[in-house]
Amino acid sequence: MLPINRREMLKTAGASAALLTLPSISFTADEPKLFELPKLPYAFDALEPSIDAKTMEIHHDRHHQTYVDNLNKAVAGTEWAGKKIEDILANLDKVPEAKRTAVRNNGGGHYNHSLFWQMLSPKGGAASKPLADAITKAFGDQAKLFEALKAASLGRFGSGWAWLIVDKAGELKVVSSPNQDNSLMDASGSPVLGIDVWEHAYYLKYQNKRADYVDAIFKVLNWEFASSLYAAATKKG
Ligand code: MN3
């Protein structure tokens, strides 16, 4: 083998580095942190019989993972890479137009589902004060709140969400949103409870019976988490 001098060796190394675009070469500590799929805070079958294990597994591991992956792709190379998801969703008008729809749909999907997993719990139960008092004031009682949430869920044509939010005046309100939109996007309020009414959330067990799925969801709402969201939203306002 012919001896090569240092200059030639560097030239060769440089050439092969330029040709090889290994992911590990482009990754540095300065690279913005990527969005990650949060762990489900309970087992896939923890919400049975209200929500079956297979639906939870596909919904979390595949649907939510896809939102995360596509969100990371959409913000890559923009000033929004590494930013907080709440800030991104509140500033969609500033996201480059070519990326805006992807960021809206996948960023909304990531945020909504990250909340949704925590908004559910096998414990179920009822709201405690001060959220319980606010529900009484706004709706009359919890049963009336459920009626309003059910109407919003069934009234949403196609895919979307039904929400209990705290609006800017600090009042509880039931609203619904299309696709993966939420109340951060139009600054209309902060979510307290959310019901995913995309068919992927219920089709395996409930097929076309969205009303039965919504009734089942009411049995597995995480009131502790809803109370903490309500407390945080009303403290800010
Ligand atoms: Mn979903």
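The values are calculated or read from the model by the stated rules, or taken from the named source; none is laboratory data. Remember, it's a predicted structure, so these values are computed and weren't measured experimentally. Methodologically, a virtual Cβ is constructed for each residue, glycine included, from the backbone with ideal geometry; neighbour enumeration extends over all protein chains shown. Keep in mind that these areas ignore ligands, DNA and RNA; they rest on the heavy atoms of the full protein, side chains included. Shrake-Rupley method; radii C 1.70, N 1.55, O 1.52, S 1.80 Å.
Residue by residue, here is whether (1) open to solvent by less than 40 Å² (accessible area, probe 1.4 Å); (2) part of a helix (DSSP H, G or I); (3) closer than 22 Å to Pro178 by Cα holds:
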position	(1), (2), (3)
Asn208	no, no, yes
Ala211	yes, yes, yes
Val214	yes, yes, yes
Ile217	yes, yes, yes
Glu224	no, yes, no
Ser227	yes, yes, no
Tyr230	yes, yes, no
Thr234	no, yes, no
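One residue alone among Glu31, Glu86, Glu36 is at pLDDT below 95 and of a type in the set (Asp, Glu), and that residue is Glu31. Restricted to strands (runs of 3 or more DSSP E) entirely inside the stretch 146-204, those with at least 3 residues that are surrounded by 23 or more Cβ atoms within 10 Å (Cβ to Cβ) and within 16 Å of the ligand (Cβ to nearest atom) are 160-167, 189-196. Within the stretch 67-97, which residues are β-branched (Val, Ile, Thr) and without any contact (Cβ under 8 Å) to a residue 24 or more places away in the chain? Matches in the stretch 67-97: Thr78, Ile88, Val95.
For Pro96, the conditions (1) open to solvent by less than 40 Å² (accessible area, probe 1.4 Å); (2) away from the ligand (no atom under 16 Å from the Cβ) all hold with the exception of (1). For beta carbons closer than 9 Å, sequence separation of 6+ or different chains, a first residue in the stretch 122-146 that is at positive phi and touching a residue at least 60 places away in the same chain (Cβ under 8 Å) and a second that is assigned to a helix (DSSP H, G or I) and open to solvent by 40 Å² or more (accessible area, probe 1.4 Å), the qualifying pairs are Gly124/Lys219; Gly125/Glu224. Out of curiosity, is Asn91 outside the structural domain of Leu221 (by TED's automatic domain parsing) and more than 16 Å from the ligand (Cβ to nearest atom)? Judged against the criteria, Asn91 is a match.
For Phe139, the test of being open to solvent by less than 50 Å² (accessible area, probe 1.4 Å), in contact with a Leu (Cβ under 6 Å, 6 or more places away or on another chain) and modelled with pLDDT of 95 or more is passed.
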